[in-house]
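Note sheet for the following structure.
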Amino acid sequence: MTGKKSGSGKSKKVDANSKAAPVAGTERARKAAIAEIQQRLQGKPSAARSANKNTGKPPKASKAIKPKRPGALDAAAQIIADANKPMTAKELIEQMAARGLWKSPSGKTPEATLYAAIIREIAAKGSKARFRKYARGLFETSEP
C-alpha cells in the first residue's frame, strides 16, 4: 500500500490542483488590497468605496444639537459652590431636583450613587478634586 494511512484504513492522496485554487484567490485579494492601500496613500478614493456611494440621494440633514445637561457630579459641585456650606448627599440631591439641574433616572437610591461618585472623585483626583470631605457624610467645595 502506498501513501499514508488514515483512521479508516483508506489511503489518502493529495491532489496538487486542490491546493492551488485557494492560493490563487488569496494572491488576487492580496494584490487588490495592496492596490487600494496605494490609492489611499496617494489621496485617491478606492473603486470599491466610490461604487458604494449613493449619489442619487441628497445628504442627510444634521440633527439639532441639544444643550448638554450637567451630570450629577457637575450639578452637585455647582450646588455646593452656591451654598458655601457643607452638605450631605441627600441634601444635594434634593437641591438639584428643586433647581432642575439634575434628577435621578428612576434610581431608588440616587444619594448613595452620588455619595459613591464624590468619594471616587476625591480618591482619584486627590487635592485637585472639586469636593472635600468635611465630616462624616458631609462634603464641601475644595475651592476657597
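The values are calculated or read from the model by the stated rules, or taken from the named source; none is laboratory data. Since the model is a prediction, treat every value here as computed from it, not as a measurement. Ideal geometry is used to build each Cβ from the backbone, glycine not excepted, and the neighbour counts take in all protein chains shown.
Some points to look at:
- Hits in the range 107-129 - residues which are surrounded by 14 or more Cβ atoms within 10 Å (Cβ to Cβ) and farther than 20 Å from residue 97 by Cβ: 119, 121, 122, 129
- Residue in the range 110-123 that is part of a loop (DSSP other than H, G, I, E, B), free of Cβ contacts under 8 Å to residues at least 12 places away in the same chain and at negative phi present: no
- Taken over the range 79-93, the criterion of being part of a helix (DSSP H, G or I) and more than 9 Å from residue 141 (Cα to Cα) is satisfied by 79, 82, 83, 89, 90, 91, 92, 93.
- Subset of the range 57-70 [under 30 Å from residue 121 (Cβ atoms) and surrounded by fewer than 12 Cβ atoms within 10 Å (Cβ to Cβ)]: 65, 66, 67, 68, 69
- Selection status of residue 139, at negative phi, within 30 Å of the chain's Cα centre (by Cα) and of a type in the set (Phe, Trp, Tyr): no
Let's see how each residue does on (1) at pLDDT below 75; (2) under 27 Å from the mean Cα position of the chain (by Cα); (3) exposed (fewer than 10 other Cβ atoms within 10 Å of the Cβ):
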{"position": "16", "(1), (2), (3)": "yes, no, yes"}
{"position": "23", "(1), (2), (3)": "yes, no, yes"}
{"position": "28", "(1), (2), (3)": "no, no, no"}
{"position": "54", "(1), (2), (3)": "yes, no, yes"}
{"position": "76", "(1), (2), (3)": "no, yes, no"}
{"position": "82", "(1), (2), (3)": "no, no, no"}
